[in-house]
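To keep things clear, I will list the structure first and then write my remarks on it.
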Amino acid sequence: MALESAPATLDPRLATDAVSVHLSGLLFNGLTRLDAQAEPVPDLAARWEVSGGRDYRFTLRPGVRFHDGRELTAEDVAFTLRSIQDPALGSPLRGALEPVESIEVLDRSTLRLRLRRPYAPLLTALAAGVVPRPTVDGESGAPGGVPVGTGPFRLARLVPREEVEVRAFPEHFAGPPRLTSLRFRVIPDATTRLLELRKGTVDLLPGGLPPELLPAVRNLPHVRVLTGPSSNTTYLAFNLRDPILRSRRVRAAVAHALDRDGLVVHLMRGLAEPATGLLPPRHWAYRGDVARHPYDPARAKALLDSAGYRAGPDGVRFPLTFKATTGELSRALGEILQEQLGRVGIPVRIVSHEWGTFFADIRSGNFQVTALTWVGIADPDYLHYIFHSESVPPQGANRGAYRNPEVDRLLDLARATPERDRRRVLYGRVQEILAEDLPYIFLWHEVRWAALKADLRDFRLLPAGDFAALREVHWAR
């Protein structure tokens, strides 16, 4: 399987980039997992009971073992959750577990979580992978050499920035995978990935090519292409610490200067639908009747004038820097921004880095404007993780330092509201405010696709883009 970038980590408590999340999902199990509809279902937990909306009692599956042969116990789960809560670890999941007041081990197979207040997304948050508790003082629960989990695959080999190999774990509680091993090759260049697929040295390509190359993939005689909806959202992000981008009028001007419908047609070749917010239209909490900012360069210029950024004699109002990856699609989007924002007096400089350097800069707030994709959007509490003022890294993913007290209030209230209909109303209002404030410009929801050899069977495209379906994949021959 060819990957566009290498995982930043295989520790599920620290994973934030898509590749890290997807790969660690093969190595680890959580108390819960998210099904194809992004609903939490039992995983390591066989069952749970809830009392008063604040007391959760979990009973573990019997006989689950880690890859090193140790039996999973409630102590391992408690260690994992407490380590996520520990500021010293710096887990991006810490905010999602903030409502958990206490974690009590009742016996080897039972633990109780007590909450400070009712917390609707708890079962989704507990899909985080469980690592073994330390057996030696000071030892990490996921040792740096070989991450140890309970997942259907175990790590066999890791060559940083080049390759990850996993092998089937025959003692997995759901039965062993159908393939004995999987090898993930990191091939940053899209053309090279296509050539490797054409030569047959790559068996599975999970998307990741510029849309204009997809016709060439479809024409390969030994390859079939699958397509389906995704829960992914591509967006333009602003750093609101920047004195220029702090102005909502400037952000609205940028939105009006972008031909987003044209991006879907020409850049994405129709393999996407325009986005109005983070949540895709099929999501239960989606609200579509929010503020729109249609392509209107004249309106963009008027907004910039009113914000105090009139064009100088050279036509320039102010420059911006767009931070991109070395990927073809990222660079192409940067070039379109250059052309379209240049028309309204905003010259754009593109700075490209390989993924590791790029993502480190974004997480640390070292950017003005960038574009990324949120993948696998499940519970709308993602909005808290991304936009709450307490979610600035390392507590969450509010990398642009957006702050709005009303959004904070609504997100906190939605977390404490168990009724889905009421949550839908609260998250709808949040989407309405975000569409007006524009900390992000939401660009599109992509159509997911994958190319695979014709004799590879039972691979399913999942909306979240995760690799869970790989445990069922097998060769026809």
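Treating r as the C-beta distance of Arg409 and Glu39 and R0 as 30 Å, the FRET efficiency rounds to 0.65.
Sort region 244-381 into rounded, prolate or oblate with this rule: let a ≥ b ≥ c be the square roots of the eigenvalues of the Cα gyration tensor; rounded if a/c is under 1.5, and if a/c is not under 1.5, prolate when a/b is larger than b/c, oblate otherwise.
Taking the square roots of the gyration eigenvalues as a ≥ b ≥ c, region 244-381 is oblate.
Ordering Val351, Leu72, Ala15 by the projection of their Cα atoms onto the charge dipole of the chain, which places +1 on the Cβ of Lys and Arg and -1 on the Cβ of Asp and Glu, puts Val351 at the extreme positive end.
Once each part is reduced to its C-alpha centroid, what is the distance from region 418-443 to region 65-122 in angstrom? What the calculation gives is 29 Å, centre to centre. Mark the label point 7 Å from the Cα of Asp68 along Cα→Cβ and return the residues of region 143-177 whose backbone N is within less than 13 Å of it. From region 143-177, the list is 143-150.
If you take the square roots of the eigenvalues of the alpha-carbon gyration tensor of region 1-62 and sort them as a ≥ b ≥ c, do you get rounded (a/c under 1.5), prolate (a/b over b/c) or oblate? Taking the square roots of the gyration eigenvalues as a ≥ b ≥ c, region 1-62 is prolate.
For Val316 and Leu213, FRET efficiency with R0 = 22 Å and r from the beta-carbon atoms, rounded to 0.05? Present the calculation step by step, with values, prior to reporting the outcome.
On the way: r = 35 Å, r/R0 = 1.61.
Computed FRET efficiency for Leu213 and Val316 comes out at 0.05.
Along the axis of the charge dipole computed for region 233-446 (Cβ charges of +1 for Lys and Arg, -1 for Asp and Glu, origin at the Cα centre), the listed residues Ile441, Gly334, Val407 are led at the positive end by Val407. Can you give the local net charge around Leu81? Use residues other than it whose beta-carbon is closer than 13 angstrom to its beta-carbon, Lys and Arg +1, Asp and Glu -1. My count for the surroundings of Leu81 gives 0.
Just for region 233-446, what percent of DSSP beta bridges are antiparallel, to the closest 5?
Working: 13 of 21 bridges.
Of all bridge pairs located within region 233-446, approximately 60 percent are antiparallel.
Kindly provide the Kirkwood hydrodynamic radius of the chain in Å, to one decimal, from all pairs of distinct alpha carbon atoms.
On the way: mean 1/r = 0.0425 Å⁻¹.
For the chain, the Kirkwood estimate is 23.5 Å.
Each label point was placed 7 Å from the Cα along the Cα-to-Cβ direction; for Val351 and Glu339 their separation is 2.5 nm. Dividing the helix sum by the residues of the chain, where each DSSP H run of 4 or more adds -39500 (n - 2.57), gives a mean residue ellipticity at 222 nm of -7500 deg cm²/dmol. Label-to-label distance for Arg429 and Arg183 is 5.6 nm, based on points extended 7 Å past Cα in the beta-carbon direction. Here the spin labels are modelled as points 7 Å beyond Cα on the Cα-Cβ line, and at Arg157 and Arg460 they lie 3.1 nm apart.
According to the square roots a ≥ b ≥ c of the eigenvalues of the Cα gyration tensor, what is the shape class of region 9-125, taking rounded for a/c under 1.5, prolate for a/b larger than b/c otherwise, and oblate for the remainder? Mind dumping the intermediate values first?
Details: a/c = 1.36, a/b = 1.13, b/c = 1.20.
Rounded.
Which percent, to the nearest 5, of DSSP beta bridges fully inside the chain are antiparallel? Provide the component values of the computation, followed by the final result.
Working: 56 of 66 bridges.
About 85 percent, rounded to the nearest 5.
Phi angles of region 308-325 translate, via the Karplus equation with coefficients 6.51, -1.76, 1.60 and θ = phi - 60°, into HN-Hα couplings of x, 10, 7, 5, x, x, 8, x, 8, 9, 6, x, 10, 10, 9, 8, 10, 8 Hz per residue; Gly and Pro are given as x.
All of the numbers you see were taken from the coordinates with simple rules; none came from a lab. Just so it is clear, the model here is predicted, and its values are computed rather than measured. Positions of Cβ are generated from backbone atoms using ideal geometry, with glycine treated the same way; all protein chains shown enter the neighbour counts.
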